[in-house]
1. Does A238 qualify as being more than 12 Å from ligand 2 (Cβ to nearest atom), part of a helix (DSSP H, G or I) and surrounded by fewer than 20 Cβ atoms within 10 Å (Cβ to Cβ)?
2. Restricting the search to the stretch 108-167, which residues are of a type in the set (D, E), outside any loop (DSSP other than H, G, I, E, B) and either away from ligand 2 (no atom under 16 Å from the Cβ) or modelled with pLDDT under 95 (or both)?
3. Applying the selection to the stretch 216-234, what residues are open to solvent by less than 40 Å² (accessible area, probe 1.4 Å), of a type outside the set (D, E, K, R) and within 16 Å of ligand 1 (Cβ to nearest atom)?
4. Of everything in the stretch 306-355, what is of a type in the set (A, V, I, L, M), part of a helix (DSSP H, G or I) and open to solvent by less than 10 Å² (accessible area, probe 1.4 Å)? Give them in sequence order.
5. Could you please tell me which pairs satisfy a Cβ distance under 7 Å, a separation of 6+ or placement on different chains, a first residue in the stretch 4-21 that is near ligand 1 (Cβ under 6 Å from one of its atoms), and a second residue that is among the acidic types (D, E)?
6. Looking at (1) farther than 19 Å from T18 by Cα; (2) surrounded by fewer than 17 Cβ atoms within 10 Å (Cβ to Cβ); (3) free of Cβ contacts under 8 Å to residues at least 40 places away in the same chain, can you tell me which one A115 breaks?
7. Is there any pair with a first residue in the stretch 46-57 that is touching a residue at least 60 places away in the same chain (Cβ under 8 Å) and a second that is among the acidic types (D, E) and part of a loop (DSSP other than H, G, I, E, B) whose Cβ atoms are under 9 Å apart and which are 6 or more apart or on different chains, and what are they?
8. Output the number of the condition that Y404 fails; it satisfies all remaining conditions of (1) at pLDDT below 95; (2) closer than 25 Å to V374 by Cβ.
Amino acid sequence: MKIKNICCIGAGYVGGPTMAVIAKQCPNIKVTIVDINEERIAAWNSKNLDNLPIFEPGLAEIIEETRGKNLFFSTEVNKAIDEAEMIFISVNTPTKTYGKGKGMAADLKYIELCARQIAKVAKQDKIVVEKSTLPVRTASAIKSILDNVGNGVNFQILSNPEFLAEGTAIQDLLSPDRVLIGGDTSTKEGEIAIQALIEIYSNWVPKERILTTNVWSSELSKLTANAFLAQRVSSINAMSEICEKTGADIREVSKAIGMDSRIGSKFLNASVGFGGSCFQKDILNLVYIAKSYGLNEVADYWEQVIIMNDYQKNRFSDNIVSTLYNTVSGKKITFLGWAFKKDTNDTRESAAIKVADNLLNEQAKIAVYDPKVVEERIFADLDDLKTRPLEENKSLLTVESDPYLACKNSHAIAILTEWDEFKNYNWEKIYSNMQKPAFIFDGRGILNKKELEDIGFTFYKIGSGK
Ligand code: NAD
Ligand code: UDX
């Protein structure tokens, strides 16, 4: 079966880049990305590519190449569903904020809405692909809705989780370590659906990197991958505190253990704590699934990854307060970076949010500079915590578009994101305009300790002992 028409529901951080790359690599397939958020679709269609809703290196170039040719952004969800032979569901699956499983389970209401809409609209057989990250066995719920609400047409469900990381999404999509496809191999229709999706990826992904499994393994592999990755960060962050107490250096330790091929060198950077929309949400979901099967020890094991991460964020802000003579009240502290990692404008679950909230509780005055995050987003992030009214946040925190201005008259600078440009600042100039003693708290370990100490800074680097 040759797919000619694809629809993707959800024009977010996954739907946008993923479908843009499919459109680029498969010029004969028409790809339509739909979303109920009109503003977001308008931004995807904006003439000025600086106004795309998502910043990802290399994305704007692909949008320019494909948009209006075989890639389309639209709010006409029904029309796109009707026209497509294959429908990707790429909507958000946030942590539930209400009812049973509140604060732990994945909220599947958007997924169910999509399934119901597909069922209502479809007049021909469709292949429905789970692209969103979902709890294991969600495909059976989707199948049940499609079969019970639908017009008697045949639906095949595939699981095709996305492993891209933000900031490197295009590179990850163009050259994935693997593509995972879960499907029903016990029926002919299931095999045909799997082959149809394999054929799409085969346009640019080597066959040996396309892995097929049963649906449940595919769904669970995505949660497992994120749990393992986050666990590495929490493990290295746990060691970072031991380094600080003992005089070891976490970067030397990371290098030493990473050279063991069984451990590997990637994902061993100590930090102020992991953020992003996936790690916390997916581990909480895994913990909830384990508990729902009565597997309490398994649940506790994975929950510790989150506990360690929360501790690392609080430890960072506590250290700032205690180093600044136990009071930051009325003192200006500059945040360099607000995004959860470099090369993205995404701030979801960024460590900066919790660190700022802790320092605002101590009545610090915070100035933030981030090269890609806009002011409204920063205040919205703080507002979401509901710790204090918006006006109070606005009176305590300012957002600057010039890093030198952001650092002027500060008592301390905190590095919250590892943006490359921070390494190349004129640190002598920054030092001369700061209050003395001038402190730097490097939560990403990107600055050179000796150079900064030579200038006169009192320098703290995460995971670096005295
Ligand atoms: P997102 O919030 O950026 O985008 C989701 C979009 O879906 C939103 O624009 C929303 O308006 C739209 N939407 C919701 N319900 C809809 C409906 N009924 N009809 C049409 N549109 C609807 O989310 P995201 O970051 O792209 O994540 C999507 C999924 O992919 C999640 O399950 C996430 O866990 C998973 N994932 C995310 C990443 C990542 O790096 N962000 C990586 C891998 C997997
Ligand atoms: C993650 C997974 O990597 C990706 O496969 C999945 O599809 C979505 O979730 P993402 O959250 O976009 O991707 O970025 P990632 O590079 O994994 O970083 C997550 C967080 O961990 C960031 O805050 C990052 O700064 C932090 N991190 C990562 C560290 O602190 N140290 C590291 O060594 C690596």
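The values are calculated or read from the model by the stated rules, or taken from the named source; none is laboratory data. This is a predicted model, so every value here is computed, not measured. So basically every Cβ, Gly included, is an ideal-geometry build from the backbone, and we count neighbours across all protein chains shown. Areas reflect the complete protein model, heavy atoms only, side chains present, ligands, DNA and RNA absent. Shrake-Rupley method; radii C 1.70, N 1.55, O 1.52, S 1.80 Å.
1. Numbers: more than 12 Å from ligand 2 (Cβ to nearest atom): yes; part of a helix (DSSP H, G or I): yes; surrounded by fewer than 20 Cβ atoms within 10 Å (Cβ to Cβ): yes.
When the stated conditions are applied, A238 passes them.
2. To start, the set of residues in the stretch 108-167 that are of a type in the set (D, E) comprises 112, 125, 130, 147, 162, 166.
Now narrow it down to the ones that are outside any loop (DSSP other than H, G, I, E, B): 112, 130, 147.
Passing the criteria: E112, D147.
3. The first filter runs over the stretch 216-234 and keeps only residues open to solvent by less than 40 Å² (accessible area, probe 1.4 Å), leaving 218-219, 222-223, 225-227, 230, 233-234.
Next, only the ones that are of a type outside the set (D, E, K, R) stay: 218, 223, 225-227, 230, 233-234.
Listed by number, the residues that qualify are S218, L223, A225, N226, A227, A230, V233.
4. Initially, the stretch 306-355 is screened for residues of a type in the set (A, V, I, L, M), giving 306-308, 320-321, 324, 328, 333, 336, 339, 351-353, 355.
Applying the additional criterion that residues be part of a helix (DSSP H, G or I) yields 306-308, 320-321, 351-353, 355.
The answer is I320, A351, A352, V355.
5. Correct list of pairs: G10/D35; A11/D35; Y13/E166; Y13/D346; V14/E162.
6. Single failed check for A115: (2).
7. Between residues of the stretch 46-57 that are touching a residue at least 60 places away in the same chain (Cβ under 8 Å) and residues that are among the acidic types (D, E) and part of a loop (DSSP other than H, G, I, E, B), the close pairs are I54/E166; I54/D346; F55/D343; F55/D346; E56/E166; E56/D343; P57/D343.
8. Just one mismatch for Y404, condition (1).
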